Amino acid sequence: MTQPYQIAEVTNQQQTLIAIVEQDERTAYFYIWPTDAFRQQFAVRGCWLRNLLPAPLQEDTEAMQQGTPPLLSAEYCRTLAAEPMLDPAGLQVIWEPTDDGAALWYHGQLLAVIPGWSLYQDQQVSFSAGCIKANRLTSPLGSASTNKNYAAAHQHRQFWREWHDGQLWEPFQQEMLQCYEAHYGESLKYYSIDQGNWPPMAISQHYHEGSWYFLTLGMSIRPMPWVDFLFEDLAPEYRRTELAMAIDGEVMTEENAVQMASALAGFAHMPWARLSWLGEGHTLESSVAPMGFEGFILSSALARESGQFPLPKREGEKVNLLWAAPITQLEREFAQAEENGGLELVARLLQYGGGHIFRARQQVVESGE
């Protein structure tokens with residue numbers, strides 16, 4: 001048996017995962033590999049694509065024992081005869097907007113899907129157009145009416161087509177700025193934080209009723225990783241977000257406030273750079289937290305009614321606005337000690353009069369808690 005050789009390799013947007021297509025004289029497979037930084041965290045995911053020899057009647061255990069990609073047995077195959085080798089020129093990998101899953105297209109036809117949510121579980125999950133019955137190598141891709149992953153792959157391809165022409169950013173940008181200006185007045189300064197890469201992202205700065213306000217725009221263009229796996233049918237309520245920070249003008253000068261708010265520029269990229277997500281009660285370390293504080297907690301609840309307002313929906317989905325509030329080292333340790341520690345810390349901050357606008361306050365956690 002010869003070793004499989006690569007005929008396609010496409011890295012995702014944030015360089016965290018690599019989609020690879022391999023074939024030899026026997027089979028063709030589609031894989032998603034984690035890059036070196038994520039090898040200990042995530043496993044390789046694979047999907048059988050086609051047999052290049054006639055489908056065997058029995059499971060190809062010999063190939064498995066030799067560590068070679070196995071043929072798929074006849075009872076699972078749409079085509080029993082040997083199929084032609086894949087032409088590399090006809091292959092196209094399209095990553096999901098979450099950046100954790102991908103679809104493989106061949107001469108314009110959907111060939112396979114490895115969904116993003118499969119990254120976060122032990123069981124291998126993939127869908128192949130050449131498969132007619134679920135097995136340990138893959139499952140049927142079916143059609144848009146029988147498989148939501150098939151339908152999603154078409155939606156993702158359309159998503160990239162629409163963003164490719166560059167016409168979507170300006171209306172999105174204006175809609176977000178109008179929303180922010182309706183609450184906090186004119187946008188005084190505007191900072192691009194995308195470093196020239198897709199997606200476009202920025203921070204809008206405002207001054208309202210004695211406080212500096214900084215709000216991101218662009219995070220919600222794409223859903224965050226992990227959320228589909230964690231929340232399943234409720235995922236549309238949690239997978240899109242924008243971040244914000246508010247600082248009392250009597251506590252900090254504009255220059256110092258801008259420096260503190262620069263933390264948002266890093267936070268805005270985190271979900272995709274770390275294959276993670278940001279939600280209510282999550283804590284983040286930061287070197288630009290104010291003196292005496294170690295990082296920030298993200299919360300909508302901290303804003304109470306004054307800082308809670310609906311953001312424009314994206315693709316019909318809710319967009320959450322999470323405020324970043326400074327927390328001390330002890331408070332962060334408290335939040336991380338238990339599964340719902342972040343939510344408990346938010347509740348305690350509210351109990352002691354804390355809010356989304358940064359002002360001097362007492363620590364709400366004591367040593368030893």
Search region 230-244 for residues that are within 19 Å of Y120 (Cα to Cα) and of a type in the set (A, V, I, L, M, F, W, C) and pair each with any residue that is surrounded by fewer than 23 Cβ atoms within 10 Å (Cβ to Cβ) and at pLDDT 95 or above when their beta-carbon atoms are under 6 Å apart and the residues are at least 6 apart or on different chains. F231/Y238
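Please go through region 204-224 and give me each residue that is over 19 Å from the mean Cα position of the chain (by Cα), open to solvent by less than 10 Å² (accessible area, probe 1.4 Å) and not hydroxyl-bearing (S, T, Y), ordered by number.
Of the residues in region 204-224, the ones over 19 Å from the mean Cα position of the chain (by Cα) are 204-215.
Within this subset, residues satisfying the condition of being open to solvent by less than 10 Å² (accessible area, probe 1.4 Å) are 204-206, 211, 214-215.
Result: Q205, H206, F214, L215.
Name the single residue that is farthest from the chain's Cα centre (by Cα) among those in region 225-246 being open to solvent by 40 Å² or more (accessible area, probe 1.4 Å) and not acidic (D, E). I'd like the intermediate steps shown before the answer.
The initial filter retains those residues of region 225-246 that are open to solvent by 40 Å² or more (accessible area, probe 1.4 Å), namely 226, 228-234, 236-239.
Now narrow it down to the ones that are not acidic (D, E): 226, 229-231, 234, 236, 238-239.
Working: W226: 6, F229: 11, L230: 12, F231: 13, L234: 16, P236: 13, Y238: 11, R239: 8 Å.
Checked region 225-246; the qualifying residue farthest from the chain's Cα centre (by Cα) is L234.
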Looking at (1) closer than 19 Å to S299 by Cβ; (2) open to solvent by less than 60 Å² (accessible area, probe 1.4 Å); (3) touching a Gly at 6+ places or on another chain (Cβ under 8 Å); (4) not charged (D, E, K, R), can you tell me which one M201 breaks? (1)
Looking only at residues in region 1-34 that are open to solvent by less than 30 Å² (accessible area, probe 1.4 Å) and hydroxyl-bearing (S, T, Y), which one is farthest from the chain's Cα centre (by Cα)? T27
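Output yes when any residue across region 58-80 is β-branched (V, I, T), surrounded by fewer than 17 Cβ atoms within 10 Å (Cβ to Cβ) and more than 30 Å from T98 (Cα to Cα), and no when none is.
Filtering region 58-80 for residues β-branched (V, I, T) gives 61, 68, 79.
This time we only want the ones that are surrounded by fewer than 17 Cβ atoms within 10 Å (Cβ to Cβ), so: 61, 79.
With more than 30 Å from T98 (Cα to Cα) added as a condition, the list becomes 61, 79.
There is at least one residue in region 58-80 that is β-branched (V, I, T), surrounded by fewer than 17 Cβ atoms within 10 Å (Cβ to Cβ) and more than 30 Å from T98 (Cα to Cα).
Which of the residues belonging to region 270-286 are assigned to a helix (DSSP H, G or I) and crowded, with 21+ Cβ neighbours inside 10 Å?
So in region 270-286, the residues assigned to a helix (DSSP H, G or I) come out as 270-273.
Once the filter is applied, which keeps residues that are assigned to a helix (DSSP H, G or I) and crowded, with 21+ Cβ neighbours inside 10 Å, region 270-286 yields P271, W272.
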Would you mention how many residues in region 117-138 are at pLDDT 95 or above, under 22 Å from P34 (Cα atoms) and surrounded by 19 or more Cβ atoms within 10 Å (Cβ to Cβ)? 7
I need the full set of residues from region 281-305 which are among the hydroxyl-bearing types (S, T, Y) and touching a residue at least 40 places away in the same chain (Cβ under 8 Å), in order please. T283, S299
Please find, within region 169-196, the residue that is surrounded by the most Cβ atoms within 10 Å (Cβ to Cβ) out of those that are within 21 Å of the chain's Cα centre (by Cα) and without any contact (Cβ under 8 Å) to a residue 12 or more places away in the chain. S192
Let me spell it out: the conditions are (1) within 29 Å of W160 (Cβ to Cβ); (2) in a helix (DSSP H, G or I), and W48 meets all of them except one. Which number is the exception? (2)
Which residues, counting only those in region 333-354, are open to solvent by less than 30 Å² (accessible area, probe 1.4 Å), closer than 24 Å to H208 by Cα and not aliphatic (A, V, I, L, M)? G354
Across region 292-313, which residue is farthest from W95 (Cα to Cα) among those that are open to solvent by 20 Å² or more (accessible area, probe 1.4 Å) and among the hydrophobic types (A, V, I, L, M, F, W, C)? F293
What number goes with the only condition from (1) surrounded by fewer than 24 Cβ atoms within 10 Å (Cβ to Cβ); (2) part of a loop (DSSP other than H, G, I, E, B) that N256 does not pass? (2)
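Only one of these is in a helix (DSSP H, G or I) and either surrounded by fewer than 14 Cβ atoms within 10 Å (Cβ to Cβ) or of a type in the set (G, A, S) (or both): A289, A265. Name it. Working first, answer last.
Numbers: A289 fails: in a helix (DSSP H, G or I).
Being in a helix (DSSP H, G or I) and either surrounded by fewer than 14 Cβ atoms within 10 Å (Cβ to Cβ) or of a type in the set (G, A, S) (or both) holds for just one of A289, A265, which is A265.
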Whether any residue in region 123-139 is assigned to a helix (DSSP H, G or I) and either free of Cβ contacts under 8 Å to residues at least 12 places away in the same chain or not hydrophobic (A, V, I, L, M, F, W, C) (or both) is what I want to check. no
All-but-one check, S262 against (1) at positive phi; (2) free of Cβ contacts under 8 Å to residues at least 40 places away in the same chain, failing number (1)
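The values are calculated or read from the model by the stated rules, or taken from the named source; none is laboratory data. Because the structure is a prediction, the values reported are computed rather than measured. No Cβ is skipped: glycine too gets one built from the backbone with ideal geometry, and neighbour counts run over all protein chains shown. Calculation scope for accessible area: heavy atoms of the full protein, side chains included, ligands and nucleic acids excluded. Shrake-Rupley method; radii C 1.70, N 1.55, O 1.52, S 1.80 Å.
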